[in-house]
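The values are calculated or read from the model by the stated rules, or taken from the named source; none is laboratory data. Only a predicted model underlies this, so the values are computations on that prediction, with no experimental measurement involved. Methodologically, a virtual Cβ is constructed for each residue, glycine included, from the backbone with ideal geometry; neighbour enumeration extends over all protein chains shown.
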Amino acid sequence: MDRDQLVAYLDDLLDVDDVQDASLNGLQVSGRPEIRRLATAVSASAELFVQAAAWGADAVLVHHGLLWRDDEPPRLVGSFRERVRLLLDNDLSLLAYHLPLDRHPVHGHAAVLARGLGLDRLERFGYFSGVALGFAGVFGDPITVEDLTARVSKACGQEPQVFAGGPPMVASVGIVTGGAPHGFDEAVTDGLDAYITGEAREWVLHRAAEDGVHYIAAGHYASERFGLWSLGEFLTRRQGLEVQFFDFPNPV
């Protein structure tokens, strides 16, 4: 597929223009103009670029890219220079989609995770600066917090941190993946039973108990693989691209 056509297709699919983001979404580094093999991963790194080039990738698509608005213009020094060198030396294009991938109703991390956990009647949730980055839903039949924890652990591939404080049976859950602890306040306001995100903060321990909402921290990295998996499978079906996800487990 033509590289620029793929970028335009993804920009439209993910509604890039509908959200302001610190990330420079879309094409960040241009490589060869034709794409047959696409490597996907959560975050840009030197190790990713080396492995993608060895696999024969023409482009790399990530959630956390190299270029951010608050870092403009970046200095080509240290590890940043090495990452750019690897891309240029291997003629690899780099595509990055941050908040547009977080919030997508089909391929978004939270939407995919919510459906995987068995939640129904999904609604937009987790508003930051007026933009919803996550989803909330309900279980047809309430489940125990232990069952919810087990489901999160299985989906994310690691044991989450659980700050129990809500009811014994969980009927409603809000999800914003990655680093979104302050979405907990919205879960409290909305009267949800549990809140799932990637990371916790020191204040979570007492707030969960005092506000009566379970707080589950599934891991920033672990909670943000879902969108890459879903989008990769979609591009294989719809565009005929060969897509491979490169996994670099991160305890954070």
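Scan region 192-240 for residues that are touching a residue at least 60 places away in the same chain (Cβ under 8 Å), part of a loop (DSSP other than H, G, I, E, B) and surrounded by 18 or more Cβ atoms within 10 Å (Cβ to Cβ) and jot them down.
Across region 192-240, the qualifying residues are A218, G219, Y221, R225.
Could you say which residue among A150, A57, A111, A132 is farther than 24 Å from D21 by Cα, of a type in the set (A, V, I, L, M) and not in a loop (DSSP other than H, G, I, E, B)?
Working: A57 fails: not in a loop (DSSP other than H, G, I, E, B); A111 fails: farther than 24 Å from D21 by Cα; A132 fails: farther than 24 Å from D21 by Cα.
Residue meeting the stated conditions: A150.
Would you point out the residue of region 221-252, among those that are among the aromatic types (F, W, Y) and under 15 Å from the mean Cα position of the chain (by Cα), that is nearest to R37 (Cα to Cα)?
In this case the residue turns out to be F245.
Would you point out which residue out of L88, L95, L148 is in the same structural domain as V7 (by TED's automatic domain parsing) and in contact (Cβ under 8 Å) with a residue 60 or more places away in the chain?
Working: L88 fails: in contact (Cβ under 8 Å) with a residue 60 or more places away in the chain; L148 fails: in the same structural domain as V7 (by TED's automatic domain parsing).
Checking each option against the conditions leaves just L95.
Rundown of residues vs (1) farther than 23 Å from Y221 by Cα; (2) out of contact with any strand residue (DSSP E or B) (no Cβ under 9 Å at 6 or more places or on another chain); (3) of a type in the set (S, T, N, Q); (4) free of Cβ contacts under 8 Å to residues at least 12 places away in the same chain, yes/no style:
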{"position": "M1", "(1), (2), (3), (4)": "yes, no, no, no"}
{"position": "Y9", "(1), (2), (3), (4)": "yes, yes, no, no"}
{"position": "D17", "(1), (2), (3), (4)": "yes, yes, no, yes"}
{"position": "Q20", "(1), (2), (3), (4)": "no, no, yes, no"}
{"position": "E34", "(1), (2), (3), (4)": "yes, no, no, no"}
{"position": "V50", "(1), (2), (3), (4)": "no, yes, no, no"}
{"position": "A54", "(1), (2), (3), (4)": "yes, yes, no, yes"}
{"position": "H63", "(1), (2), (3), (4)": "no, no, no, no"}
{"position": "L66", "(1), (2), (3), (4)": "no, no, no, no"}
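Considering only region 30-51, state which residues are in a helix (DSSP H, G or I), in contact with a Leu (Cβ under 7 Å, 6 or more places away or on another chain) and either closer than 13 Å to L228 by Cβ or of a type outside the set (A, V, I, L, M) (or both).
Of the residues in region 30-51, the ones in a helix (DSSP H, G or I) are 46-51.
Within this subset, residues satisfying the condition of being in contact with a Leu (Cβ under 7 Å, 6 or more places away or on another chain) are 46, 49-50.
Selection gives F49 alone.
Does region 70-85 contain at least one residue that is part of a strand (DSSP E or B), surrounded by fewer than 18 Cβ atoms within 10 Å (Cβ to Cβ) and among the small types (G, A, S)?
Checked region 70-85: no residue is part of a strand (DSSP E or B), surrounded by fewer than 18 Cβ atoms within 10 Å (Cβ to Cβ) and among the small types (G, A, S).
Pull up region 158-191, narrow it to residues that are in a strand (DSSP E or B) and of a type in the set (A, V, I, L, M, F, W, C), then point me to the one that is farthest from D102 (Cα to Cα). Quick ask: steps written out before the conclusion?
Our first condition is that a residue be in a strand (DSSP E or B); within region 158-191, this holds for 161-163, 169-175.
When the remaining residues are screened for being of a type in the set (A, V, I, L, M, F, W, C), the result is 162-163, 169-171, 173, 175.
Details: V162: 22, F163: 24, M169: 28, V170: 24, A171: 23, V173: 17, I175: 11 Å.
Residue satisfying both the conditions and the ranking: M169.
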